[in-house]
1. Tell me, yes or no, whether region 116-123 has at least one residue that is in contact (Cβ under 8 Å) with a residue 40 or more places away in the chain, under 24 Å from E41 (Cα atoms) and of a type in the set (D, E).
2. Looking at region 104-158 only, could you name the residues that are among the aliphatic types (A, V, I, L, M), touching a helix residue (DSSP H, G or I) at 6+ places or on another chain (Cβ under 6 Å) and over 14 Å from L23 (Cα atoms)?
3. Kindly indicate the residue of region 40-64 that is of a type in the set (A, V, I, L, M) and surrounded by 14 or more Cβ atoms within 10 Å (Cβ to Cβ) and also farthest from L106 (Cα to Cα) among those meeting that condition.
4. Quick one: would you say A140 is part of a helix (DSSP H, G or I) and touching a His at 6+ places or on another chain (Cβ under 8 Å)?
5. Checking F38 against (1) in contact with a Leu (Cβ under 8 Å, 6 or more places away or on another chain); (2) among the hydrophobic types (A, V, I, L, M, F, W, C); (3) modelled with pLDDT under 95, which single condition isn't satisfied?
6. Suppose we filter I125, I113, I91 for residues that are farther than 14 Å from F48 by Cα, at pLDDT 95 or above and either among the aliphatic types (A, V, I, L, M) or within 14 Å of the chain's Cα centre (by Cα) (or both); which single one remains?
7. Could you grab me the full set of residues in region 16-41 that are farther than 22 Å from Y147 by Cβ and in contact (Cβ under 8 Å) with a residue 24 or more places away in the chain?
Amino acid sequence: MTISMGVMVGSANTDKYIHGLLLSADSSAKFYPDGFDFAGESSRASSFAEHLQRTTGDKTLVEDYSANQDGSLFLRIALHSRLTLGKVAEIKISSFGRLATLVDCLPHYEPKIVDALGQFEYRYIPFEKVDIPYDGEEPAFKGETWYCRYFSPWYISL
């Protein structure tokens with residue numbers, strides 16, 4: 001078991017905590033919650049990407065959030081190795097609750113990225129904890145996953 005943001009990943013308490021985070025960020029808005037601060041959150045994401053680049057020595061690429069205007073994913077940040085130029089991690093940041101997850105992450109990068117996410121007030125949710133059936137209140141997402149709800153670049157259910 002590993003510790004992520006002070007909670008043991010893989011424990012029953014973690015599952016309840018994470019499910020609570022998923023439920024608390026849910027709303028009737030499909031793409032962005034009411035009052036979402038695009039400029040402020042863009043600045044936070046840029047600062048996070050710059051920090052990650054400084055602390056790892058690798059290159060970050062930040063996707064413009066306008067690419068995801070029809071989905072709950074706010075933006076993606078790709079981390080590329082300075083040695084091989086290959087992608088070593090992809091960080092997805094939701095428009096809801098400052099939730100973040102990692103996909104395609106090399107294992108030795110995960111602790112550094114998770115720590116940095118916490119420093120920038122993002123709430124890290126392991127991918128396997130969002131790749132489960134959605135059981136929130138928004139009817140449009142019934143039959144989907146929590147991943148689709150918060151990290152999809154397009155709206156799947158119409």
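The values are calculated or read from the model by the stated rules, or taken from the named source; none is laboratory data. Since we're looking at a predicted model, the values are computed, not measured. Backbone-built Cβ (ideal geometry, glycine too); neighbour counts: all protein chains shown.
1. Initially, region 116-123 is screened for residues in contact (Cβ under 8 Å) with a residue 40 or more places away in the chain, giving 116-123.
With the extra rule that they be under 24 Å from E41 (Cα atoms), the set shrinks to 116-123.
Now drop any that are not of a type in the set (D, E), which leaves 121.
Yes - at least one qualifying residue is present in region 116-123.
2. Listed by number, the residues that qualify are A116, I156.
3. Within region 40-64, the first condition is being of a type in the set (A, V, I, L, M), and the residues that meet it are 45, 49, 52, 61-62.
Subset that is surrounded by 14 or more Cβ atoms within 10 Å (Cβ to Cβ): 45, 49, 52, 62.
Numbers: A45: 21, A49: 17, L52: 15, V62: 18 Å.
Here the answer is A45.
4. Values: part of a helix (DSSP H, G or I): yes; touching a His at 6+ places or on another chain (Cβ under 8 Å): no.
For A140, the condition - part of a helix (DSSP H, G or I) and touching a His at 6+ places or on another chain (Cβ under 8 Å) - is not met.
5. The one condition F38 does not meet is (1).
6. I125 is the lone residue from the list that is farther than 14 Å from F48 by Cα, at pLDDT 95 or above and either among the aliphatic types (A, V, I, L, M) or within 14 Å of the chain's Cα centre (by Cα) (or both).
7. F38
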